[in-house]
Amino acid sequence: MSGEPGSGVGRWAAVLRGRVLPRLGRGARRLSRSWTALVTLVLVVGLVVVAYRAGTRTAPVDYTVGNVPRVGPVDGQQVDAYRSDASGELGGLPAGTAVWALVGLAEYQRPAALPTLLSGYSVSRVVARVPLPDVQTQLVTLVVDRLAVDVPAGMQRTAAAKEQEASTAESAAASADDAELARVHTAGAALERREAAAYRELCACVYAAVVRATPEQLRALAERPGIRVVDPAPEVSRLDRATFVPLLPEQSGTVGPPSDTAVGPSATPSPSAAG
């Protein structure tokens, strides 16, 4: 048999080359495109399913976010009414279960007085301010573990921070274009330096503490000399998610912020702040 074009084999070869093979090629390309499309479709559907499941999966919810208990008196409240309410709540607590409580002191105290005043109690925070007359000085909360060590160290850190703030305010005053703005910065710097000096000297500035104890222990603490009020906070489950706003020792009528009428550079420190 011959493979020349005129022979039967040649004719079949020609037909194969001219008709069959091109059709098979086109079919293979179409099949390839179909498989590519099918694989792509499967991948897309898979991604959609994964995204849907990720979007609808229930995430853990922290129900304490946004729920920040506030412990202490509120502006406009009568001091005697606040103390009476705190005493009544303390008396009604069930025995045995330890709770957090805000302890207001009768006077501003130096750090050295705190271990005796709060002896036997677990103290986690103290609150301080430099009691300058007619000036709203900053309320400072110090985290403590050992009263005798951590309160003085916290005061020194506060003094360093206030000295830095004073330097910043002085620079702002020097570069201010407006005379009134320069005066405000200068007054602010002077106040920061006076507060820093008081904290450096371990001033009588602490006026409240946050403790954890049983109701029986808290009732005993409320009877100690130098303790003005014990405000229990059984609603507080996490100390870092609560706000403690103590009663100021000088407040005796209606609760409110201290007067802020003095001009910074001319204000004079009270004996408890300076001495």
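The values are calculated or read from the model by the stated rules, or taken from the named source; none is laboratory data. As the structure is a prediction and not an experimental result, all values here were calculated from the model. All Cβ positions, glycine included, derive from the backbone under ideal geometry; neighbour counts span all protein chains shown. To get the accessible areas, we keep the full protein, side chains included, count just its heavy atoms, and leave off ligands, DNA and RNA. Shrake-Rupley method; radii C 1.70, N 1.55, O 1.52, S 1.80 Å.
Per-structure values
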{"quantity": "Residue match in region 133-147 (condition: at negative phi, surrounded by fewer than 16 Cβ atoms within 10 Å (Cβ to Cβ), part of a loop (DSSP other than H, G, I, E, B) and among the polar types (S, T, N, Q))", "calculated": "yes"}
{"quantity": "Residue pairs meeting the criteria (Cβ under 7 Å; at least 6 apart or on separate chains; first over 19 Å from G226 (Cβ atoms), in region 78-107; second of a type in the set (S, T, Y) and modelled with pLDDT under 95)", "calculated": "Q78/T254"}
{"quantity": "All positions within region 190-239 that are assigned to a helix (DSSP H, G or I), open to solvent by 10 Å² or more (accessible area, probe 1.4 Å) and in contact (Cβ under 8 Å) with a residue 60 or more places away in the chain", "calculated": "A190, L191, R194, E216, Q217, R219, A222, L239"}
{"quantity": "Qualifying residue in region 112-121 (condition: small (G, A, S), free of Cβ contacts under 8 Å to residues at least 40 places away in the same chain, open to solvent by less than 30 Å² (accessible area, probe 1.4 Å) and more than 22 Å from Q251 (Cα to Cα))", "calculated": "no"}
{"quantity": "Leading residue by the ranking (nearest to C203 (Cα to Cα)) among those in region 94-111 that are out of contact with any strand residue (DSSP E or B) (no Cβ under 6 Å at 6 or more places or on another chain) and surrounded by fewer than 23 Cβ atoms within 10 Å (Cβ to Cβ)", "calculated": "R110"}
